Amino acid sequence: KFALPIINEAGHSIFPELITSEGYAEAYKQDPLFALSQYRLIPTGGLASDFKREWLREFEWEGNKKQIRYKKDERWHFLRLQDLTTIISVDPAISKKETAARSAVVVTATDGQCVFLLEAWYGRVGATDLAQRVIEYTKQYSPHRIIMETVAYQAALKEVLELLAAQQHLPMAMFPVQ
């Protein structure tokens with residue numbers, strides 16, 4: 001698949017029948033992130049630009065990872081893990097080669113106001129090892145969702161996860177992303 005930006009580096013449309021340079025300039029004024037990602041092929045995650053550092057909270061585990069404790073407004077707050085919305089995000093790069101990209105698994109939880117990074121793992125592993133990592137985190141955190149990229153060969157990981165989860169009678173709410 002070949003993709004070519006419709007707007008060149010000088011900001012001129014290479015396909016004026018689809019969008020004029022003026023049309024792009026107007027789109028850029030209204031929503032620069034959208035215009036850059038759609039017309040110039042310079043992607044920026046929408047939430048990435050809106051992410052505020054103050055949403056992150058340092059915390060400490062309490063009660064054998066059943067509860068977290070964090071400080072906000074000079075007061076200690078306590079949240080039970082079961083009361084948080086937990087998400088596992090999986091970015092598979094299924095290869096053990098030294099030059100290959102690394103797979104990543106991130107576990108986050110939120111109370112709707114703060115985001116807590118519970119786990120962050122990366123490594124070069126095969127599909128079965130990566131699936132085992134996700135299964136372990138699923139057992140530990142009972143996530144509300146598992147978000148996983150399933151493009152091309154990465155779709156194999158989804159099948160491996162579904163098989164392992166079924167064998168272990170483990171419910172998994174998977175949301176594939178392409």
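In segment 72-90, how many residues are among the hydroxyl-bearing types (Ser, Thr, Tyr) and open to solvent by less than 30 Å² (accessible area, probe 1.4 Å)?
Residues in segment 72-90 being among the hydroxyl-bearing types (Ser, Thr, Tyr) and open to solvent by less than 30 Å² (accessible area, probe 1.4 Å): 1 in total.
Could you go through segment 155-166 and let me know if any residue there is over 26 Å from Trp61 (Cβ atoms), open to solvent by less than 60 Å² (accessible area, probe 1.4 Å), part of a loop (DSSP other than H, G, I, E, B) and without any contact (Cβ under 8 Å) to a residue 40 or more places away in the chain.
Checked against the condition, which is being over 26 Å from Trp61 (Cβ atoms), open to solvent by less than 60 Å² (accessible area, probe 1.4 Å), part of a loop (DSSP other than H, G, I, E, B) and without any contact (Cβ under 8 Å) to a residue 40 or more places away in the chain, segment 155-166 yields no hits at all.
Going through Thr150, Thr110, Thr138 one at a time, which residue ends up being among the hydroxyl-bearing types (Ser, Thr, Tyr), within 24 Å of Leu81 (Cα to Cα) and either in contact with a Phe, Trp or Tyr (Cβ under 8 Å, 6 or more places away or on another chain) or at pLDDT below 90 (or both)?
The unique qualifying residue is Thr110.
Considering only segment 15-30, how many residues are open to solvent by 70 Å² or more (accessible area, probe 1.4 Å) and either under 29 Å from Val151 (Cβ atoms) or not in a loop (DSSP other than H, G, I, E, B) (or both)?
7
In this structure, is Glu119 open to solvent by 50 Å² or more (accessible area, probe 1.4 Å) and either modelled with pLDDT under 95 or out of contact with any Pro (no Cβ under 8 Å at 6 or more places or on another chain) (or both)?
no
Please verify whether segment 139-147 includes one or more residues that are small (Gly, Ala, Ser) and open to solvent by less than 60 Å² (accessible area, probe 1.4 Å). Talk me through it step by step, then tell me what you get.
From segment 139-147, those small (Gly, Ala, Ser) are 142; that's our starting set.
Filter once more, so that each one left must be open to solvent by less than 60 Å² (accessible area, probe 1.4 Å): none.
No, segment 139-147 contains no residue that is small (Gly, Ala, Ser) and open to solvent by less than 60 Å² (accessible area, probe 1.4 Å).
Of the residues Ala35, Ala48, Ala93, Ala101, which single one is open to solvent by 60 Å² or more (accessible area, probe 1.4 Å) and modelled with pLDDT of 75 or more? Talk me through it step by step, then tell me what you get.
Values: Ala35 fails: open to solvent by 60 Å² or more (accessible area, probe 1.4 Å); Ala48 fails: modelled with pLDDT of 75 or more; Ala93 fails: open to solvent by 60 Å² or more (accessible area, probe 1.4 Å).
Of the residues listed, the single one that is open to solvent by 60 Å² or more (accessible area, probe 1.4 Å) and modelled with pLDDT of 75 or more is Ala101.
The values are calculated or read from the model by the stated rules, or taken from the named source; none is laboratory data. Keep in mind the model is a prediction, meaning the values are calculated, not measured. Ideal geometry is used to build each Cβ from the backbone, glycine not excepted, and the neighbour counts take in all protein chains shown. To get the accessible areas, we keep the full protein, side chains included, count just its heavy atoms, and leave off ligands, DNA and RNA. Shrake-Rupley method; radii C 1.70, N 1.55, O 1.52, S 1.80 Å.
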